[in-house]
Each structure stands twice: as C-alpha cells, then as structure tokens.
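The structure appears below as structure tokens.
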C-alpha cells in the first residue's frame, strides 16, 4: 500500500482539488463541456456539460480524502470543501483570463458560450461566485460520501452513476419502450425531452440505491446473472433458462430497437467480430498486431472484387464469394505473419502497423486501380440473399452479423480451453520456455494470425455487403485502433470483455453523437488509465483478474482450499 | 556409457571462454550434481545440453544419440526436461494448464479438434487432465490445480515447475538450483523429493546446486566447474577433500585443511 | 558452425529470403530501366536528391528521440510523433504572434530564436510529462503494457491538440530571408532546403557531442547499458531517463521548425507519418545509436524522395509518388526482418536463460 504522504494532508487535498479543477479546465478547452451542454441529465437542472467540469473535482477530492484517511469526520468534510474550493479556483482562473484576454485566438473552444456555461448562465461576477460555491459544495459532497458507511456509500455511488447513465441514454430508452404499450407511458413519465425529469431522477436514484444496498447485504457474495461457469452455484436449469432468455432477446433486438438503433447495433456487432479475432492474436497469443485493419480490408475487397459487375464480367453472389474471401484472408494471415515470426513486442507492433498502411496505400493507388478501384473504391457489391429474399436492410443484415458473431465467439471460446489455446497462452507468457517445451512457434503464431485474419475478414465481407461498396479511405489505422482499444479496455484475452468493450466503446459514441468528436481522445485516455490502474480490463476472464492486478498491487489473500481469492482493500 | 555423455564441450561468447573442454558421463538412474562458484559455467552447460546454446566444439550424446546443436524443442522431444534458476512458470495460467503445456509433445489435438471437441479430443483432454492432477499430487500440490501459477507460494512454484518438467516424461531432468531461496525444512523436502524422482520414476537427475549439504547428501557423483573448466569429479567424499575444490570456493589460503566442517553432511540429513 | 546453420534454417526463412530477393531484384531492375530510358534529366535527379537530404535531416532529428529512448528503456515511444507535432504547432502560434507584432520579417534572427526556444521548450515538456505520467509507473510492467500506454498517449495528445486548437490547417508565415534559392556549382538549392540540411547536421553534431562528451551523456549511456549497475555507481536513474526524454523532445521540436520550412503547415495529424519514418530511420541506422539515426534518416529520405522516380517508375507503375510512403514502410519491414540491428548495427542482445 502506498506510504502515507509526508506532506500535510491539507496540502495534498488542496493539490488534488487543484488538479481536478485543471482537468475541468482542460476538458472545457477541448470542447467537451460545450458539446455536452445541450444534453440534460436532469431536465432543467444538470447538463452533461456541467457534469464534465465538476466531476473531476468531485473525483479528485474523493481520492485525495481516501489517500489521507483516516481523519475525523469534520476534518474529512473540511478537506473536501477545501479541495472543492481549490478546484473552483482553477476554473475561476480560466474565466478571469478569458475575460481579460482573447483566448479564443488560440483555443478555439474558449468561447463566450463556454464562459456562460461555466458561470452557470450568470453575469461575470455572480457567475464566478456561484462557480466557486458549487465547486466547493462538490468537494464537500465527496467528503460526505466518504464518511458514509461502506454499504450505503456503494449504494449511493451506484445511484448517482445510474442516474447519469439513464439520463444520457434517454433517447435509447424512450425509443425502445415506446412499443411497450401501457408501460411506455410509465417510462415516458420519467423523462423530459432531454434527460430525466426531477421526479424521474429521484425515482431512479432511490430504486438503484435500494437495490445495491440490499445486494451488498447478501451473505453469499455477488449473485451474478452472467456467471455461466460450471462452478457457479446455480442449477443447470437456471443457467439454461438465462441463456435461453438472452438468445430470445438477441433475436428480437432489431424490432425492439427500431431502425436507428439497429444501425448502431450493426456497427457494434461488426466490431465484436473483429474484436474476437484480435482478442485471439493479442489476448491469447500476445502478438500486438496494429495492422489488423489489413485483414478487414482484404476480406471486404475480395468480396468487392469478386461480386461487383464493375470489375467482373461474371460477378459471383455473396455466398459464392464468401468461401474465397475466407481462404484469401487465411492465406493473408499466414503471409503477413511469416515475416514477423521472430519479432517481439514493440517491433512486431510497428511492423504490423506498416503492413496495414501498405495494404491501404496499395488499395488507394492508381497503380492497382484496374483491379481494386483506386480511390473511388468498388461499388455495386452483391448482398447476400436467402432464396428470393435479399438481405439488404440493416435489420436483416443484423442477423447475418449475429450468426457471424455467434460462430466466431463459439470458435474463440472453444479454442481458449483447448490445447491450441494453451499453446498460444504459453507463447505469450514466455516464448523461450514454451519453445523449449516443444511448442512449434511458427505454426502456433501463424495459426493465431490466420484465425484472427479469418474473423476480421468475415467482418469485412459483411461490411462490404452492407454498404454495397468499399473505399480505401475507410480501411485506415483508426479502425485498428478502435478494435485494439475495445479489447484492451474490455479485457485482454477475455471473451466477455470483447462484448462489453464493443458495446461501450463503439456503441456510446454512436448513441451520444457529441462523443464522436472526442472519441479518440477518450480512447487514448482510457487506454492510458487502464494500463495504469486496471490492466486486466473492465470485464476480465475471472481468473486473469487475480494476477495482472497483483503484479502492480499488493497480493490478495488466497484461500488454500477453494483457491478463491478475497481481495483485501487495505492500507 | 551413461545416459548423458558430454565430450570436450567448449562454448565461447566472443572473447569469453565460458566452457572449456568439459567431459561428463552421467549414469542412468543416478543423481549427478554440477557445482562450482558463481560464473563457473554451470547454467551455460545446461543451456548447451538443452539446445539454447550450440557449443563451438565438442559433442553431447543422449543415450548414444548426438544431440549437439539441436533446437530446444527437439531436445525436449528426445527426452530431456529442465527447470530454471529463476522459476519461469507461465504466470497467468493455472497450475494444471502449466503442466498441460509441459505435456505438449505427447498430445495431438489441433485447431479443428479443439473447436469441434470430437470424441478423440475430449478423451485426450480428459486423460491429460487426469495425468496433470496426478503429477500435482506427486509433487505435493494436491487441490491447487486451478490456482494461478503466480499466486502460489515460492516453494510450491518450484515444485510446480518440476511437475511441468516431468509432464513431458523425460529420461533426464535438469534441475537448476531447485533449493534456491528455501529454508532448511523446505530444502529437506526437496532433497527427499529428488530422491523419489530417481527411485520411483527412474529418472536421471542432473543438478546444479549451491547448498553443499544438499549436494553432498544426495549426489551419486559430483563434478566441479570453475571458470569454465572441470576441476574435479567424484563422490561426495572425494570432492570434500579435494584441495582444488576448496581453493576454488574459498581461495588459496583455505586449501590447507579447512572446509571439512562446512561440507560434511549433518546427522539430521 | 556449418552444421548448426543447416539445422537452424527453416522453411520460413527460405520463403522470406526468396520474397526479399525478389523485391530487391525488382528494385534494381526498375532503377536500371529508368536510367536506361533517361526519363529524367540530371537537374531533376539533383533536385530530388536535395529534397531527400532535407527530409532526411528532419527525420534524423525526430529519430533521435526514438533512438535515445529505446536505448535507455528498450521501448518504442509511440507518442514521440506527437511530441514532434507539438513543436510546429507552438511555432505557428509563436510565429503568428511575432508576425502580428511586426517582428517576424524585420528581426528574423531574434524571431527564429524565440520560436525555436518556445517550440523546443513545449515539445520537451510534453516529453517529460509523458515520461512522468505514463511511462515511469510502468517501468517494470510486462512489455505489452507500456506499449499500449504509449499508443493511448499518442492518440490522446493528437486529439487533445485537435480539441484545443481545431482541425484546420494552420499556416506558418513565410520569412523573407528564406525566400529564393542559392546557386552552388550550377545547382539550384532552395534556401529553405539548405537551411534544413545544414541546421539538421549542426544540431545532430551538438546532440552527439552531448551524448558522447558530457557527464549527463555518459550517464545516459551507462543507464542504457545496465540500469542497476548505473544506479550502483551513484547515477540518478530517474533523472537521467527524464533528461533523455527532454533531449529527444527538444530535438523533435527543433525538427519541427525545420519541417515548417519545407512544409509550412501545422495540423494535429502531422506527426503520424514523420514519426513512423523517423522510427524507421532509427532502426535502419541502428537503434540506440546517434550517428546511426542520422545515417538511417538520410538514406530513408533519399530513398523516399528519389525512389518513386528511380525504381517504381521504371517498373511501369503510374503515379509512383503515391507509393512513396509505402517505400518507407517496406524499408521498415525489410530491416526488421533481415537486419534488425541496422546498418551501424548495435546488437542489443536478447537475454535468454
């Protein structure tokens, strides 16, 4: 555990508050505050924009207080207030400077609109005061939350988080529940045109807090709905029922979600497909492939080249071309894997990045235009058909994605617990020793690349069919980064992590359009934060959590009999 | 001729002579120790045997077959297994999984089998798991199969590494400082355990060790290396009284009659 | 020796060698064809060569950051391309301010000095921040972790700059003393190009001198060799590492100023390609090696500039200039496959058992 800071706790807390405020300033200058200020969490009261510049102060104050504990309750609250005030000062400085100097010449977001938001809509002087007061209150709130008993504290934190989430996802929730007849009216009552109504917020808060409070009191540890392991203490009947229910919901999602959200869902599914593939390459085998988009492109382009009448006298149908695309991708996986067999870590990453770029440049070039369409890409790509029905709506294509994800997830799951999976993991853990044990590193690595390429290629073919066209511009490095981010943040090597990662990282920016601007900013920050704080990801495989965490934090106590670890949150 | 024969093995790293014409003859079903001061070349010798390094001169024979310069995986397939000085387990895998990887050369299921879980694959996996658990019991880690390797205590990790090495059913087991970092009672257990390897499993053990008590107690034969050269070979009694050995370890002045109390086996062993 | 060689060669090695030789053959063939056809006159070749050298100069300075950090931490500072980018960005703002104040063209030396100091300062600070926040806590983590952090940092910085300053292209004001060209021995060299080449060379010499001659340079070299031993000798490892980052960052910032002479535009994404090419240069010359970085960068710059016309054109590829980036990436792949230690090869040994 970190040693107690030698400096005075007051100083520490104040610095933390100042840091929180500075983060708020940076988020404002980057434009996140203005972008989100139209979206209400609680209609008429809090916008997401305000949350963005106030939350860092709250969080920093909370962590600082935790760091310097134990302290008396009065002290805690005073420290919180101090931290909040310091944070407010940082923001205030921005306002003051902004008034004196034309910051906007350099920082394009330092606009009058921003200042108004920071001043809570008031004139300069009263706004400044209100800002300081609100920040201070935030700090104090952190203190208050801290001194609550553990059970209540967790419950309230969850309550706050859920209120924010529900407020943000208002559009999604309202759209989904519109068709629920009488229930629809109930849900509608909770929301305003943007965000929750005050009453709605109170209800959600109370509900969530109550649920978590009750749950924390349960003796048998966490009752998780999603624990499918054979060792979990649920009867097979309940397990199968849960799985069955999930399958039914999955099948019915497009009609439930409506057209707009089905589109988003398709994007998420596509990234799930790719994520599952990269998860094998990076997560299982430990090969950091930054050029993953190359296989996506190869799959998409193969489909394009074979099925488009632009390039082909006798274009194939989607289903006819699919096996070819699959084979080409697997071969590509082997070819791109061959040169990098001897490389490790950093070099492997850069070389694969190079490959990805080479593929893109070739697809873009005039040289290969007669075959690949150059910068115009390829149009009129065939769409899959079942009998007479052409699958060309988003909702129909969803099922194609669903089957794809299902097959691929199944393969990944099976491989993880097989000899091949172990071979990959051994190679990742310690290549020299693995090779000494008789593992052929050539075939093992090539298998990983080929499998990853296959999954990505399949995603590419469906993508091509969905848009009926491919453009080289969409096959860029950012796609690789998207996939990499989602598997790292979801949990490296974790299959459920891929689903979570895809949903959160690919779904949210689509749901909250304001996010799109800041997407990679957030990805970058999350990647850094994850590696520093929680390298095993948001939803790691149950066992991996145990050790990656340990190498950076103190050891968990281990129960000799059951082999189950109980983590100590200790000093 | 013994299980392992090394003839005039020489290894150079640029200007540094790490091993100079080393001869070794390890009899079957015996425990053979290689000792010497730090930097004498013991681990380098191990690396030559297992194929990590290729000696510049000389040859190494396993049961008469020349294995000099073979790649490590081939050497493993021929029946040699090893543990490492600084424990190189697969940290983020469970104990059972570590052992299963050790069994790799003996298992056959591949990509397709893994996905389809056909009858042959399932059977192979079940048997493999059984065997792995049996090995765990043998090394005294009963019930710890699903523990992450990195969460095991130090002594258990050493034993797991040995279990993993045993999984490939070796003829010859190379143990690199198996008692490093252990307290006397753990060391005692390890000594008994190594004897069991020889007696119950019929494995030949080649051992690098620093703890003289261990070496003198269990070794059938000992070789002493110093600066890459073999300076002595023989039984425990031979080695203890050998002035060259004492000099190598303790310096020139000590050769005159000291050292005995240091290296005599105690009554408790 | 021969017997081990034979035993260790595998099928994959053979395949790769065949592909490599094939590509090399195509390059030679294309070059011969172009020269035989005489498509381009000498003036054009000289032009391209000078451009290549200028580019090389810029890459060399950026490569310093990569090579020094790799030498000392054995990791690729993926975010160095953004450290580079911060230089020109700052320079544009500073230059605009100076221009508005009327100093830009009337006091060129002073203006340049200010711009250089400010840019190098900013890029250096960003490098230091990176080291402190993102890399230092992870020094003992498994290799994948700092690499991913670096990637995250790279994107974070890119989009932070985009968020703060917008995604439009920012123009760099022209400076009158750099307009026009000089004629040396009948060859026309643009003043900008000449400045870049000379400037890069001088700066490299300075930095080389720092690394080789000064106390802090010695500290850097010893920490690269053996961190623990250096610490035992009383060297403050943390401070040395920080200095390395700062030095590399400053070099990148100055590279940015030179870059602006060639391409007077700043943009948040501008670091990506130069960064990769600079890294390629560092590897090409021999990673961890300052003269190597310079050599590699020059070679890369030349190949990138002259290459498309020289061999791609000869092979009948239309619009060959489109593939000039591909040349750089191909070189990267080639070097890492066939000679990872680079031209002036410093063998950073792999620790095995």
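The values are calculated or read from the model by the stated rules, or taken from the named source; none is laboratory data. Small disclaimer: the values here were computed from a predicted structure and weren't measured. Note that each Cβ is placed from the backbone with ideal geometry, even for glycine, and that neighbours are counted across all protein chains shown.
I want to confirm something. Restricting to region C:155-179 and keeping residues that are more than 14 Å from every other protein chain (Cβ to nearest Cβ) and touching a helix residue (DSSP H, G or I) at 6+ places or on another chain (Cβ under 6 Å), which single residue is surrounded by the fewest Cβ atoms within 10 Å (Cβ to Cβ)? Step by step, filter region C:155-179, then rank; the result is C:177. Filtering B:172, B:160, B:206 for residues that are buried (at least 21 other Cβ atoms within 10 Å of the Cβ), modelled with pLDDT of 90 or more and out of contact with any helix residue (DSSP H, G or I) (no Cβ under 8 Å at 6 or more places or on another chain) leaves a single hit, B:172. Within region B:244-261, identify whether any single residue is within 30 Å of residue B:169 (Cβ to Cβ) and either within 20 Å of the chain's Cα centre (by Cα) or at pLDDT 80 or above (or both), and answer yes or no. Within region B:244-261, none of the residues are within 30 Å of residue B:169 (Cβ to Cβ) and either within 20 Å of the chain's Cα centre (by Cα) or at pLDDT 80 or above (or both).
Among the residues of region B:28-48, are any under 16 Å from residue B:70 (Cβ atoms), modelled with pLDDT of 90 or more, over 19 Å from the mean Cα position of the chain (by Cα) and surrounded by 15 or more Cβ atoms within 10 Å (Cβ to Cβ)? Taking every residue of region B:28-48 in turn, none turns out to be under 16 Å from residue B:70 (Cβ atoms), modelled with pLDDT of 90 or more, over 19 Å from the mean Cα position of the chain (by Cα) and surrounded by 15 or more Cβ atoms within 10 Å (Cβ to Cβ).
Being touching a helix residue (DSSP H, G or I) at 6+ places or on another chain (Cβ under 8 Å) and closer than 24 Å to residue C:310 by Cβ is the filter; apply it to region C:6-27 and report the residue that is farthest from the other protein chains (Cβ to nearest Cβ). Step through it out loud before you land on a result.
In the first step, residues of region C:6-27 are kept if they are touching a helix residue (DSSP H, G or I) at 6+ places or on another chain (Cβ under 8 Å); the result is C:10, C:12, C:16, C:20, C:23, C:26-27.
With the extra rule that they be closer than 24 Å to residue C:310 by Cβ, the set shrinks to C:20, C:23, C:26-27.
Working: C:20: 9, C:23: 12, C:26: 13, C:27: 15 Å.
Checking each candidate, the answer is C:27.
Among the residues in region A:31-48, are any part of a helix (DSSP H, G or I) and more than 14 Å from chain C (Cβ to nearest Cβ)? Don't jump to the end; show me each part of the working.
At the first step, the residues of region A:31-48 found to be part of a helix (DSSP H, G or I) are A:32-36, A:48.
Subsequent filtering for residues that are more than 14 Å from chain C (Cβ to nearest Cβ) retains A:48.
Yes, there is a match, as at least one residue in region A:31-48 is part of a helix (DSSP H, G or I) and more than 14 Å from chain C (Cβ to nearest Cβ).
Of the listed requirements (1) in a helix (DSSP H, G or I); (2) facing chain A (nearest Cβ under 7 Å), residue B:92 misses just one: (1).
Among the candidates A:345, A:354, A:333, single out the residue that is more than 8 Å from chain C (Cβ to nearest Cβ), under 30 Å from the mean Cα position of the chain (by Cα) and under 19 Å from residue A:480 (Cα atoms).
Of the residues listed, the single one that is more than 8 Å from chain C (Cβ to nearest Cβ), under 30 Å from the mean Cα position of the chain (by Cα) and under 19 Å from residue A:480 (Cα atoms) is A:333.
The residues of region C:253-293 that are away from chain A (no Cβ under 13 Å) and within 9 Å of the chain's Cα centre (by Cα), listed by number, are C:255, C:274, C:293.
Being crowded, with 24+ Cβ neighbours inside 10 Å, closer than 18 Å to residue A:384 by Cβ, at pLDDT 90 or above and touching a helix residue (DSSP H, G or I) at 6+ places or on another chain (Cβ under 8 Å) is not true of residue A:332. Within region B:113-128, does at least one residue satisfy the condition of being over 30 Å from residue A:406 (Cα atoms) and more than 16 Å from the chain's Cα centre (by Cα)? No, region B:113-128 contains no residue that is over 30 Å from residue A:406 (Cα atoms) and more than 16 Å from the chain's Cα centre (by Cα). Taking the listed residues C:140, C:105, the one that is free of Cβ contacts under 8 Å to residues at least 12 places away in the same chain, assigned to a loop (DSSP other than H, G, I, E, B) and surrounded by fewer than 22 Cβ atoms within 10 Å (Cβ to Cβ) is C:140, with no other qualifying. The lone criterion from (1) within 11 Å of another protein chain (Cβ to nearest Cβ); (2) surrounded by 18 or more Cβ atoms within 10 Å (Cβ to Cβ) left unmet by residue B:117 is number (2).
Annotation note: of A:50, A:15, the sole residue that is in contact (Cβ under 8 Å) with a residue 60 or more places away in the chain, surrounded by fewer than 23 Cβ atoms within 10 Å (Cβ to Cβ) and more than 29 Å from the chain's Cα centre (by Cα) is A:15. The residues of region B:124-157 that are surrounded by 18 or more Cβ atoms within 10 Å (Cβ to Cβ), assigned to a loop (DSSP other than H, G, I, E, B) and away from chain A (no Cβ under 12 Å) amount to a single one, B:139.
Here residue A:325 meets each of (1) surrounded by fewer than 19 Cβ atoms within 10 Å (Cβ to Cβ); (2) closer than 21 Å to residue A:374 by Cα; (3) in contact with a helix residue (DSSP H, G or I) (Cβ under 7 Å, 6 or more places away or on another chain) with one exception, condition (1). Residues being within 11 Å of another protein chain (Cβ to nearest Cβ), in contact (Cβ under 8 Å) with a residue 24 or more places away in the chain and within 26 Å of residue A:506 (Cβ to Cβ) are entirely absent from region A:383-405. Look at (1) more than 30 Å from residue C:76 (Cβ to Cβ); (2) within 9 Å of chain C (Cβ to nearest Cβ); (3) under 28 Å from the mean Cα position of the chain (by Cα) and you find that residue A:366 fails only one, number (3). Suppose we filter region B:101-114 for residues that are over 23 Å from residue A:452 (Cβ atoms), at the interface with chain A (Cβ under 8 Å from one of its Cβ atoms) and touching a residue at least 40 places away in the same chain (Cβ under 8 Å); how many remain? Going through region B:101-114 one residue at a time, the tally reaches 2.
So is residue B:160 in contact (Cβ under 8 Å) with a residue 12 or more places away in the chain, in a loop (DSSP other than H, G, I, E, B), under 18 Å from residue B:95 (Cα atoms) and within 21 Å of the chain's Cα centre (by Cα) or not? Steps first, answer last, please.
Working: in contact (Cβ under 8 Å) with a residue 12 or more places away in the chain: yes; in a loop (DSSP other than H, G, I, E, B): no; under 18 Å from residue B:95 (Cα atoms): yes; within 21 Å of the chain's Cα centre (by Cα): yes.
So residue B:160 does not fit the description; no.
Condition first: in contact (Cβ under 8 Å) with a residue 24 or more places away in the chain and outside any helix (DSSP H, G or I). Now tell me which residues in region C:144-167 satisfy that. If the condition is that a residue be in contact (Cβ under 8 Å) with a residue 24 or more places away in the chain and outside any helix (DSSP H, G or I), then C:167 is the only one that fits.
Residue by residue, here is whether (1) more than 7 Å from every other protein chain (Cβ to nearest Cβ); (2) crowded, with 20+ Cβ neighbours inside 10 Å; (3) out of contact with any helix residue (DSSP H, G or I) (no Cβ under 8 Å at 6 or more places or on another chain); (4) not in a loop (DSSP other than H, G, I, E, B) holds:
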{"residue": "B:75", "(1), (2), (3), (4)": "yes, yes, no, yes"}
{"residue": "B:81", "(1), (2), (3), (4)": "yes, yes, no, yes"}
{"residue": "B:87", "(1), (2), (3), (4)": "yes, no, no, no"}
{"residue": "B:122", "(1), (2), (3), (4)": "yes, no, yes, yes"}
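One residue is enough: does region B:179-195 have a residue meeting the conditions under 21 Å from residue B:5 (Cβ atoms), surrounded by fewer than 23 Cβ atoms within 10 Å (Cβ to Cβ) and touching a strand residue (DSSP E or B) at 6+ places or on another chain (Cβ under 9 Å)? Among the residues of region B:179-195, not one is under 21 Å from residue B:5 (Cβ atoms), surrounded by fewer than 23 Cβ atoms within 10 Å (Cβ to Cβ) and touching a strand residue (DSSP E or B) at 6+ places or on another chain (Cβ under 9 Å), which makes the answer no.
Tell me, which helices (runs of 4 or more DSSP H) wholly within region A:429-545 include 2 or more residues that are more than 10 Å from chain C (Cβ to nearest Cβ)? Before you say what the answer is, go through the steps one by one.
Working: elements: A:431-436, A:441-467, A:477-490, A:495-501, A:508-511, A:519-533.
Ranges flagged: A:431-436, A:441-467, A:477-490, A:495-501, A:508-511.
Listed here are the residues, each with its yes/no results for (1) crowded, with 16+ Cβ neighbours inside 10 Å; (2) under 27 Å from residue A:315 (Cβ atoms).
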{"site": "A:361", "(1), (2)": "yes, yes"}
{"site": "A:366", "(1), (2)": "no, yes"}
{"site": "A:391", "(1), (2)": "yes, yes"}
{"site": "A:407", "(1), (2)": "no, yes"}
{"site": "A:414", "(1), (2)": "yes, no"}
